[in-house]
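Engineer: Please see the structure below; I have some questions.
The values are calculated or read from the model by the stated rules, or taken from the named source; none is laboratory data. Computed from a predicted structure; not experimentally measured. Cβ coordinates were reconstructed from backbone atoms using ideal geometry, including for glycine residues, and neighbour counts include every protein chain displayed.
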Amino acid sequence: MKTSIIKKKLVIGLLALLGFTGCRSDKDFLTEKPSTFYTVDNAFSTSAQIDQVLVSIYSQLRDLWANPDEAKWIFMLRGNGTDMYDVASIRRDWTFNNYGIINPDHENFYNAYSTWYQLISKANLAIYSANLPQIAWSSDAEKTYALAQARFFRAFSYLNLGELFGGVPIVTDITTVPRYDFVRATRLETYQFAIDELEAIENDLPETTAIGGRIVKGVAEHMLARLYLAKGIQLEAEGNTGEAKTAFTASVTNAGKVIDGGTYALMASRFGTRKTETKGNVYWDLFQEGNVNYQDGNTESIWALQVDFAAYKAEDGKSKLPYSRTYGPVFRDGSGGHLTGTLEDVGGRGIAEIIPTMYSRDLIYQDKWGDDMRNTDIVFKRIFIGNVVGDSYYGKPVPWEVLYNGSTDATTNKANSSLCYPVSCKIATDKYTGLDQGENRSNLFRDDYFVRLPETILLRAEAKQRLGDKAGAAADVNLLRARAQCGYMVTASDMDDKFGVILDERARELVYEESRWNTLLRMGGTIAVDRIKQYAYWPEAKATLTFNFNLWPIPNTVIDTNKDAPIAQNAGWENR
């Protein structure tokens, strides 16, 4: 009875309310009168909010690099489809080497292009908001550093766009209304904008920070070395050799600030959380949990993305490196009669979403190049002990000729060898964090490198070689080879005009670290196309790559929607 009375009163009340509102005109009733309306000018009130915009950029870059969501286009951004990486037999539909289906409408190009502009938009928002009059800063230094970080991110985005797509529209203001009239800058103008930005804020960045992950001066100087090198290559391609030499000299100078400035140095002896263990070497130490940041005593770490297991468990499910899963081999499918499981002995719980080509895993270590710390089993695991009870290789090393060629059928062998390959210490570990808390052997919970000193050294080596100083280039390459205790040191005569020695050394030193597409496209000419044809794992690349390109295409979506100003397509991609 009581419930029925309550329901009747509720209905009567609702009817009365409807009668009251029904007396108002439809227009008055439907007109929204918000108590407040947020705009860019009033949404920010504290410096902490500006920093949150910056943190969101750091977070997006971490996700762009680590790829916790396993997006196919990010594997492309990291190098899938180059000379270094391809796809496994079980993922042929993920290929980025079949140019019968790669064209300016491919979603990978649009995803990459738009993501860099998303970061530019956030950087522009932080720059604009930091200068609002209502923002109270604790000090001028706090504001200066915030602006320097935002301008760095904007420059870094344009550097990537310039390397991958060439000249693009330079956007420096926040956009509040739709625009269809963006004008494309040249590739040189795009590089120059980024150079000007970094040179303007270089001295506003600290040499070091108390905590890892934040931008420091050395990062800007590294990027300036990369930008001036890219600028010089483009100038040279346009026939301006005099200015090209000036740019190459500036690249050498900026790289030298990092290499010889006293803050950074190659790690030459065992260090960090596992240095007392008998196994391992200094290169292996670089990729152990707790060793990646400069603040950990790692003097070759210039910029590192931050991963935290506690944050992953509590609130940030993307705070992980899913490298064992995404990059790891699948012996259980490719050679299940000899090796199986998902434990440490086979590199963890790999599903081979991207694989190293034969070039990356074997060819760069052939003959005199094999005596190299980076090719030792602790760093690049090649010795796998059979773990299938009853198999003739149980408890014994399984030879690679068996792993690669265990079948009488060539097609099966090709597929199996795409699933079976050496395991880098960068993508797996013998001590997985979180196993006692429900984790499996898919993820690493260590920080990871955005910029490590060896890449700066290789940038300087390339700039020196482009200046005609092949001996100086060889000397720089040998800085890395000496640290890796290589049996062979390169000479000036080794430094070929196609930059094969430098590209090979980048592959040995920076596998799973560099963005290979950026490197190959920056170098210009037919270097990217030639190397893809030569080293791609599957035959589609050579069969379908029948045109030359040294830039990715401007996505057709970008061209079509910019209706009020024409945007030209990059050479090689027209009418495809």
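Engineer: Considering only residues that are of a type in the set (Ser, Thr, Tyr) and surrounded by 20 or more Cβ atoms within 10 Å (Cβ to Cβ), which ones fall in region 182-236?
Structural biologist: Residues satisfying the conditions are Thr190, Tyr191, Tyr228.
Engineer: Please work out which residue is surrounded by the fewest Cβ atoms within 10 Å (Cβ to Cβ), limiting yourself to region 73-103 and to residues that are basic (Lys, Arg) and closer than 17 Å to Pro329 by Cα.
Structural biologist: Arg92
Engineer: Which one of these is over 30 Å from Leu419 (Cα atoms), free of Cβ contacts under 8 Å to residues at least 12 places away in the same chain and not charged (D, E, K, R): Pro539, Pro566?
Structural biologist: When all the criteria are applied, what remains is Pro566.
Engineer: A follow-up question, please. Which pairs turn up if I take residues in region 514-529 that are of a type in the set (Asp, Glu) and look for partners that are crowded, with 19+ Cβ neighbours inside 10 Å with beta carbon separation below 8 Å, at least 6 apart in sequence or on another chain?
Structural biologist: Taking only residues 6 or more apart or on different chains, the pairs are Glu514/Gly79; Glu514/Glu455; Glu514/Arg506.
A quick yes/no check of all residues on (1) assigned to a helix (DSSP H, G or I); (2) crowded, with 21+ Cβ neighbours inside 10 Å; (3) not assigned by TED's automatic domain parsing to the domain that holds Ile101:
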site: Leu521; (1), (2), (3): yes, yes, no
site: Val529; (1), (2), (3): yes, no, no
site: Lys542; (1), (2), (3): yes, no, no
site: Asn548; (1), (2), (3): no, no, no
site: Val558; (1), (2), (3): yes, yes, no
site: Asp564; (1), (2), (3): no, no, no
site: Ala568; (1), (2), (3): no, no, no
site: Trp573; (1), (2), (3): no, no, no
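Engineer: Could you identify the single residue in Phe450, Phe445 that is touching a residue at least 60 places away in the same chain (Cβ under 8 Å) and either under 30 Å from Lys245 (Cβ atoms) or among the polar types (S, T, N, Q) (or both)?
Structural biologist: Phe450
Engineer: Out of Glu353, Glu401, report the one residue that is closer than 25 Å to Ile74 by Cβ, outside any strand (DSSP E or B) and either among the acidic types (Asp, Glu) or free of Cβ contacts under 8 Å to residues at least 60 places away in the same chain (or both).
Structural biologist: On inspection, the qualifying residue turns out to be Glu353.
Engineer: Name every residue in region 497-513 that is in contact (Cβ under 8 Å) with a residue 40 or more places away in the chain and either assigned to a loop (DSSP other than H, G, I, E, B) or in the same structural domain as Tyr365 (by TED's automatic domain parsing) (or both), in order of residue number.
Structural biologist: Matches in region 497-513: Val511, Tyr512, Glu513.
Engineer: Quick check on Thr190: is it in a loop (DSSP other than H, G, I, E, B) and either in contact with a Cys (Cβ under 7 Å, 6 or more places away or on another chain) or hydroxyl-bearing (Ser, Thr, Tyr) (or both)?
Structural biologist: Answer is no for this residue.
Engineer: Here's another thing I want to ask about it. How many of the residues in region 310-350 are in a helix (DSSP H, G or I) and of a type outside the set (Asp, Glu)?
Structural biologist: Number satisfying all stated conditions: 13.
Engineer: Does any residue of region 150-169 turn out to be surrounded by fewer than 21 Cβ atoms within 10 Å (Cβ to Cβ) and outside any helix (DSSP H, G or I)?
Structural biologist: Checked against the condition, which is being surrounded by fewer than 21 Cβ atoms within 10 Å (Cβ to Cβ) and outside any helix (DSSP H, G or I), region 150-169 yields at least one hit.
Engineer: Among the residues of region 464-510, write down those that are buried (at least 19 other Cβ atoms within 10 Å of the Cβ) and of a type in the set (Val, Ile, Thr).
Structural biologist: Correct list: Val477, Val490, Val501, Ile502.
Engineer: Give the residue that is farthest from Asn298 (Cα to Cα), with candidates limited to residues of region 193-228 that are in a loop (DSSP other than H, G, I, E, B) and out of contact with any strand residue (DSSP E or B) (no Cβ under 9 Å at 6 or more places or on another chain).
Structural biologist: Leu205
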